[in-house]
Amino acid sequence: MEVDSENGLLQRKQATYQSLDETFLIAKETYKGQQYSQIYFARLHLMRTMLYSLLPTWKPHLPSCTVLGLEQGKECIIVGTLYKHMKLKPSVLDEYSKERSASPLVQPRNFLHSDDYLVLEDESGRVKLRGALLLPSVYVTGTVVALHGKETGAGDFELEDVLEAGLPHQIDRPLNSGEDKFVVFVSGLSVGSTSANPLHFQLFVDHITGHLGGEKEQGMAAQIVQVVIAGNSVEIGRGLLNGQNLGSRDQSKLSEPIKELDILMSQIAAGIPVDIMPGEADPANFALPQQPLHRCLFPGSAAFNTFRSCTNPHSFELDDVRFLGTSGQNIDDLAKYSDATCKLEFLERTLRWRHIAPTAPNTLGCYPFTDRDPFFIEMCPRVYFVGNQEKLDTSVIKGSDGQVVRLVCIPKFAETGTAVMLNLRNLECHALTFGSQFDS
């Protein structure tokens, strides 16, 4: 792979790639009409075993028990799944309620209410939680925690301390070693939408492939070893998807955005390895984990062995640096049912809870797994990214055992013209912004 330069050809740098998406594939799963209780049981069993292993260093003097085994006034530790009772949580049954007129015409973007409260449940039962340590505005349904407290006379559980799973184990790797190599993240291309400027995407493609800029820019382009497209690559007019048979003209409108995307993707894949993840607006299954976009959608790009259609969530290693990320549905759903100062806080919470999508399947669609929970984070990534956010935001968090994780919110390219470049050597990242302005 080479990049054109005024003084000859620049050799593009290479990186060792390993896909870790196998856990998110559902090809071997069989749907037999099962309900979602089994994925909750699988999650609780997995997380409880891990939390029990932390108890000797947290509260070794206290006994652990089930919800059914609680005794009034006796301090103990219980491990279970949180359920948040929410007054404003939307319900499909509300559509058939006699009091429909009482509901607001404009639905809120966040469903928190001051009357919300938390309940802890396990296989034996459930108990309402009291105390200021566990804020309903922070936690969501599906989170598994260990709680220290005692049962009150009213039958509630009075909290005294909380233990979260914390960041998982991370493979040691010294940073600031080796040479500069860059990964480029972009999301929300929305090819076919009225808000997207095709010129911006073409400028982006030309820049990263080394066909734009001077010797300095081309030298930087030659250091790009991977491109990741994190969802919502196309936008198909919802008016076309009304369940009716489409005429030839409408069929053409339906396929045009995908054909345009394939042309641009093939330009990237001709010079750089590229991963494309499905998103909420893409022609893929709705429920998480979203399966790879079919290769027949990309006849031009799929001809290159550098093109990879991946799952959402997506996990991979590049030169022994582990990446984990989503197209944004998990974080957007957390923003509806909990509160935080910024989106990065939601990313940090999911890492500390060791679960990519704790609100699935309660408010976020997911496949009804029976014996496993693929969203459990077993190994701590070095880079944790989420696509389709309002703006670029990034920070570094550190764990109690020396874990270091770079958090990255990737903005919608169609709205901001911004992609993200991350240096594999030191995990530092910066914006790559494209714009156009014409004088009238």
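The values are calculated or read from the model by the stated rules, or taken from the named source; none is laboratory data. All of these numbers come straight from a predicted model, not from anything done at the bench. Positions of Cβ are generated from backbone atoms using ideal geometry, with glycine treated the same way; all protein chains shown enter the neighbour counts. Calculation scope for accessible area: heavy atoms of the full protein, side chains included, ligands and nucleic acids excluded. Shrake-Rupley method; radii C 1.70, N 1.55, O 1.52, S 1.80 Å.
General remarks:
- Given +1 at the Cβ of Lys and Arg, -1 at the Cβ of Asp and Glu and no other charges, the dipole of the range 124-201 around its Cα centre is 280 debye to the nearest 20.
- Longest segment of the chain lacking chymotrypsin sites (Phe, Trp or Tyr not before Pro) that sit in a DSSP loop with at most 10 other Cβ atoms within 10 Å: 32-285
- Residue 53 accessible area, 1.4 Å probe, all protein chains in place, Å² to nearest 10: 80 Å²
- Checked against a 29 Å cut-off, the cross-linked pairs 87/343; 28/412; 128/336; 253/412; 150/398; 59/336 give Cα-Cα distances beyond that limit for 28/412; 150/398; 59/336.
- Helix 198-208 vs. the chain, principal-axis angle (Cα, 0 to 90°, nearest 10): 80 degrees
- Range in the chain, longest, excluding exposed trypsin sites (Lys or Arg not before Pro) [loop by DSSP; at most 10 other beta-carbon atoms within 10 Å]: 110-440
- Only Lys, Arg (+1) and Asp, Glu (-1) charged, at Cβ; the range 302-426 dipole about Cα centre in debye: 180 debye
- Placing R0 at 22 angstrom, the Cβ-Cβ distance between residue 401 and residue 126 gives a FRET efficiency of 0.10 after rounding to 0.05.
- Subtracting the Cα-Cα distance of residue 31 and residue 286 from 0.36 nm times their residue separation leaves 90.2 nm of extension gain.
- Counting 0.36 nm for each residue step from residue 303 to residue 179 and taking away their Cα separation leaves a gain of 41.6 nm.
- Sequence-separation-based contact order of the chain, relative, with Cα cut under 8 Å and 6+ spacing, percent: 21 percent
- Largest to smallest accessible area among 339, 180 [probe 1.4 Å]: 339, 180
- By accessible area, using a 1.4 Å probe on protein heavy atoms only, the range 290-440 has 46% of its surface on carbon and sulfur.
- Accessible area (Å², 1.4 Å probe, nearest 10) - residue 127: 10 Å²
- Measuring between their Cα centroids, the range 258-315 and the range 351-368 lie 24 Å from each other.
- Entry note, the range 141-224: relative contact order of 18 percent, from Cα contacts under 8 Å with a spacing of 6+ residues.
- Residue among 305, 189, 167 farthest towards the positive dipole end of the chain, charges placed on Cβ: 167
- Take the Cβ atoms of residue 87 and residue 9, set R0 to 51 Å, and the FRET efficiency comes out at 0.20.
- The GluC sites (Glu not before Pro) of the range 285-383 that DSSP puts in a loop, and whose beta carbon has at most 12 other beta carbons within 10 Å, are 378.
- Helix 343-352 axis, angle to the chain major axis (alpha carbon atoms, nearest 10°): 60 degrees
- Hypothetical label at residue 430: residues of the range 352-392 whose amide nitrogen lies under 17 Å (7 Å Cα-Cβ projection): 392
- Listed values (1) 74, 60, 40; (2) 85, 66, 45; (3) 80, 58, 47, entry calculated as Cα extents along the principal axes in Å: (3)
- Computed magnitude of the charge dipole of the chain (debye, nearest 20; Cβ of K, R +1, Cβ of D, E -1): 640 debye
- Qualifying lysines (Cα of each under 26 Å from Cα of residue 13; at least 8 residues distant if same chain): 181, 216
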